[in-house]
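Engineer: Provided herewith is a single structure, encoded as structure tokens, for subsequent inquiry.
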Amino acid sequence: MVMDVIMPQLGETVSEGKVSVWHAKVGDEVSNKTPLFDVTSDKVEMEVPAPAEGTLLEIRIEAGATVPVGEVVAIIGKEGEEIPAASEAAPARAGLPEPAAVASVRTAAVKALNRDANGNPLSPAVRRLIAENNLDTSAIAGTGAGGRIKKRDVLAHLDVGGAGTAARSVPSPAPMQITGETEMIPFNNLRKMTAEHMVRSKATSPHVLQAVEADFGRVARARENTSRQWKEREGFSLTYLPFVARAVCTAIRDFPRVNAQIEGESLVVHRRVNLGIAVDLDFDGLVAPVVKDADRMSLPELARAVREVSERARANRLTPDDFIEGTYTISNSGVFGTMITAPIINQPQVAILSIDGITKKPVVVENTDGESIAIRPVGVLAQSFDHRAMDGAYSAAFLHRVREIIQTTNWATLVS
């Protein structure tokens with residue numbers, strides 16, 4: 001049976017993807033055990049396998065082209081099988097969860113929003129420039145393949161007075177002269193995607209940072225007392241991250257508005273807690289795969305899930321499903337001993353927590369005999385939140401609850 005291979009959905013806010021490389025050519029046998037093509041978006045770069053075993057009958061989108069989510073990029077089937085019209089082939093959803101009817105409607109809408117008057121796809125950067133300057137795409141001369149509008153075309157149009165309601169663009173500065181004392185390191189695709197996603201997030205959400213110090217004494221004792229048994233049983237060390245993740249999930253029950261996203265003039269609060277875990281990829285960029293239903297997991301289950309998605313991220317084995325439905329994100333810079341980090345919100349979420357370095361500090365301890373000074377492992381928990389979604393008091397109360405859970409829970413009983 002002939003099947004359409006379509007551009008997968010790589011995240012809630014991702015509307016298109018770029019086919020960066022094909023791993024097979026027409027006539028090759030393909031399967032779901034080997035990559036068919038690589039796709040990049042503003043959030044992620046990953047390998048996409050064939051949805052089923054068969055022969056690659058046709059490649060419709062060449063490497064380097066950007067197309068909307070849901071667009072057919074290739075056809076697979078049996079060798080020699082006749083290729084029908086695209087609408088007659090069975091859809092190979094490649095990570096899209098919607099039923100076919102819903103998906104077809106979404107695909108049509110996406111195409112309308114992301115193409116110029118001639119039907120050519122528009123990149124995110126081009127769409128932003130067009131929207132910000134209230135431009136008509138039919139008035140812009142495209143110099144890309146097939147008349148596709150490039151960013152330089154929009155800038156040129158603005159420079160000759162083509163701006164709508166917005167002001168004309170500011171000319172770019174002269175290029176920097178590279179000498180023997182400087183080195184130019186071109187951004188790879190992942191760094192480009194990370195940069196664009198971060199810039200868009202700062203432009204979308206009014207970020208506010210709040211932070212609290214937490215005494216990790218009970219967590220440290222639980223880790224120390226069970227480290228040997230845990231390592232023998234699980235095969236990896238138990239870090240601070242799963243404890244914080246568990247505390248966050250518990251605190252969200254009392255403060256659900258941090259587990260939300262903004263739609264128009266409303267706050268959509270999620271009932272599920274799907275934790276995004278920020279993973280550094282050897283300093284080349286960040287991804288945030290999602291641990292689904294983290295609030296329903298025990299501490300050991302959370303530890304295993306966090307390690308599993310982190311390992312797959314570093315091995316480039318994440319799938320489109322790993323990036324969808326995230327509701328709250330945790331970033332862990334503490335392994336480098338940072339003091340405080342102001343993380344950038346992972347759109348379309350409204351809050352993100354950074355775990356910074358946990359170090360031994362003198363703290364005041366209150367007991368029945370009064371106050372005393374003790375040495376405790378103390379770390380900073382810093383949350384950036386979208387001020388449209390909540391005020392400082394709500395965010396502060398949430399952080400207070402997370403700290404309270406960390407400091408008072410009998411973690412030793414939860415590790416086994």
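Engineer: For Asp116, what residues show an amide H to amide H distance below 5 Å, using hydrogens built from the backbone and excluding near sequence neighbours?
Structural biologist: Leu122
Engineer: Here's something else I'd like to know. If the label point is 7 Å along Cα→Cβ of Val208, which residues in region 374-416 have backbone nitrogen under 17 Å from it?
Structural biologist: Taking a point 7 Å out along Cα→Cβ of Val208, the residues of region 374-416 whose backbone N falls under 17 Å are 382-401.
Engineer: What residue among Pro377, Ala117, Thr329 has its Cα farthest toward the positive end of the dipole of the chain, where the charges are +1 on Lys, Arg and -1 on Asp, Glu, each on the Cβ?
Structural biologist: Pro377
Engineer: Simple spin-label model, 7 Å along Cα-to-Cβ: Glu371 to Arg233 in nm?
Structural biologist: That separation, rounded to one decimal, is 4.0 nm.
Engineer: While we're on this one: Determine ³J(HN,Hα), in whole Hz, for all residues of region 51-63 in sequence, where each value follows from phi through the Karplus function 6.51 cos²θ - 1.76 cosθ + 1.60 and θ = phi - 60°; x replaces Gly and Pro.
Structural biologist: Karplus values, whole Hz, x for Gly and Pro: x, 7, 6, x, 10, 6, 8, 7, 10, 9, 10, 6, 4.
Engineer: A further question on this structure: Less than 29 Å apart at the alpha-carbon level, and either on another chain or at least 8 residues along: which lysines does that give for Lys361?
Structural biologist: Leaving aside lysines fewer than 8 places away in the same chain, those within reach of Lys361 are Lys231.
Engineer: Spelling out what I want: for every residue of region 331-339, take phi, set θ = phi - 60°, compute 6.51 cos²θ - 1.76 cosθ + 1.60 (Karplus), and round to whole Hz; glycine and proline get x.
Structural biologist: With coefficients 6.51, -1.76 and 1.60, one gets 10, 10, 9, x, 4, 9, x, 5, 8 Hz.
Engineer: How large is ³J(HN,Hα) for each residue in region 269-286, as worked out from phi by the Karplus curve 6.51 cos²θ - 1.76 cosθ + 1.60 (θ = phi - 60°), to whole Hz, x for Gly and Pro?
Structural biologist: Here the 3J(HN,Hα) series is 8, 8, 7, 7, 10, 10, 7, x, 10, 5, 10, 7, 9, 6, 6, 8, x, 10 Hz.
Engineer: If amide hydrogens are placed 1.01 Å from N in the peptide plane, which non-local residues have theirs closer than 5 Å to the one on Ala74?
Structural biologist: Under 5 Å from the amide H of Ala74 lie the amide H atoms of Val5, Arg60, each far enough along the sequence or on another chain.
Engineer: Return the subset of Lys18/Lys292; Lys33/Lys292; Lys25/Lys292 for which the Cα-Cα distance in this structure is over 28 Å, preserving the input order.
Structural biologist: Lys25/Lys292
Engineer: Next up: Order the peptides 374-386, 320-332 from the highest to the lowest mean number of other Cβ atoms within 10 Å of their residues.
Structural biologist: Highest to lowest by the protection proxy: 320-332, 374-386.
Engineer: Taking the alpha carbon gyration tensor of the chain, what are the square roots of 5 times its eigenvalues, largest first, to the nearest whole Å?
Structural biologist: 43, 28, 20
Engineer: If each Cα of region 192-415 is one equal point scatterer, what is log10 of I(q)/I(0) from the Debye formula at q = 0.09, 0.17 Å⁻¹?
Structural biologist: -0.36, -1.29
Engineer: Going by Cα centres, region 222-272 and region 362-380 are how many Å apart?
Structural biologist: Cα centroid of region 222-272 versus Cα centroid of region 362-380: 26 Å apart.
Engineer: Further, regarding this structure: As a test of understanding, state the convex hull volume per residue of region 370-416 from its alpha carbons, in Å³.
Structural biologist: So the per-residue Cα hull volume is 138 Å³.
Engineer: Over 17 Å apart: what share of the alpha carbon pairs of region 322-416 falls there, rounded to a whole percent?
Structural biologist: Across region 322-416, Cα pairs with separations above 17 Å total 64 percent.
Engineer: Let me ask another. Using 7 Å Cα-to-Cβ label points, what is the Asn225/Asp159 separation (nm, one decimal)?
Structural biologist: 6.9
No lab work stands behind these numbers, since they all come straight from the coordinates. Small disclaimer: the values here were computed from a predicted structure and weren't measured. Here Cβ is always computed from backbone atoms with ideal geometry, including for glycine, and neighbour counts include all displayed protein chains.
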